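Visitor: Dropping the structure in here first, questions after.
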Amino acid sequence: MKSVEKTLPTVTRRMIVQYSGVVQDFNPVHYDDEFAKKAGLQSAIAQGPLTTLLVLDSLVAEHGADGIASLSVRLKSPIFPGDNLHLGCDEQGKLSAKVNDKEVLTGSLLLKD
């Protein structure tokens, strides 16, 4: 597989709130900054599945939906409104997403033959 290096769309508060509505996840940590701060975070955070979906969407754009056999990810750090994810995937399918220099997601991609 060819390597991929991409900057994904900026994660917005609107994205997070809309995703909350779609999946019926109304945990205030995703939209209420004061609640999130009391939980020890700098502000509201994106849902882990939203972060995963943004990565998957980018990989589908690169390889096609029919080209992906499996995706496995591990979330390492919260994503905040305004974050820009940079996705890297090497020739062996090793994934890494970073915000600035901080790795926030790791994983692996397997393509179909």
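Okay, residues lined up against (1) surrounded by fewer than 20 Cβ atoms within 10 Å (Cβ to Cβ); (2) in contact with a strand residue (DSSP E or B) (Cβ under 6 Å, 6 or more places away or on another chain):
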| residue | (1), (2) |
| --- | --- |
| ALA46 | no, no |
| THR51 | no, no |
| SER70 | yes, yes |
| PHE80 | yes, no |
| LEU85 | no, yes |
| GLU91 | yes, no |
| ASN100 | yes, no |
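Visitor: Contact list please: Cβ distance under 9 Å, first residue in region 14-26 and under 14 Å from ILE79 (Cα atoms), second residue aromatic (Phe, Trp, Tyr), pairs at least six apart or on different chains.
Guide: ILE16/TYR31; VAL17/TYR31
Visitor: Are any of the residues in region 31-41 among the aromatic types (Phe, Trp, Tyr), surrounded by fewer than 16 Cβ atoms within 10 Å (Cβ to Cβ) and more than 18 Å from SER3 (Cβ to Cβ)? Walk me through how you get there before you give the answer.
Guide: In the first step, residues of region 31-41 are kept if they are among the aromatic types (Phe, Trp, Tyr); the result is 31, 35.
Now narrow it down to the ones that are surrounded by fewer than 16 Cβ atoms within 10 Å (Cβ to Cβ): 35.
Narrowing the set further to residues that are more than 18 Å from SER3 (Cβ to Cβ) leaves 35.
Within region 31-41, one or more residues are among the aromatic types (Phe, Trp, Tyr), surrounded by fewer than 16 Cβ atoms within 10 Å (Cβ to Cβ) and more than 18 Å from SER3 (Cβ to Cβ).
Visitor: Right, here's the next one. For residues that are surrounded by 15 or more Cβ atoms within 10 Å (Cβ to Cβ) and touching a Gly at 6+ places or on another chain (Cβ under 9 Å), tally how many sit in region 5-30.
Guide: Qualifying residue count, region 5-30: 3.
Visitor: Has region 4-18 got any residue that is in contact with a Ser or Thr (Cβ under 7 Å, 6 or more places away or on another chain) and not polar (S, T, N, Q)?
Guide: Filtering region 4-18 for residues in contact with a Ser or Thr (Cβ under 7 Å, 6 or more places away or on another chain) gives 6, 8.
Restricting the remaining residues to those that are not polar (S, T, N, Q) gives 6, 8.
Within region 4-18 (the criterion being in contact with a Ser or Thr (Cβ under 7 Å, 6 or more places away or on another chain) and not polar (S, T, N, Q)), the answer is yes, since at least one residue qualifies.
Taken together, the values in this text are just the output of simple stated rules run on the coordinates, not laboratory data. Treat the numbers as computed from the prediction; the structure is a model and nothing was measured. Cβ coordinates were reconstructed from backbone atoms using ideal geometry, including for glycine residues, and neighbour counts include every protein chain displayed.
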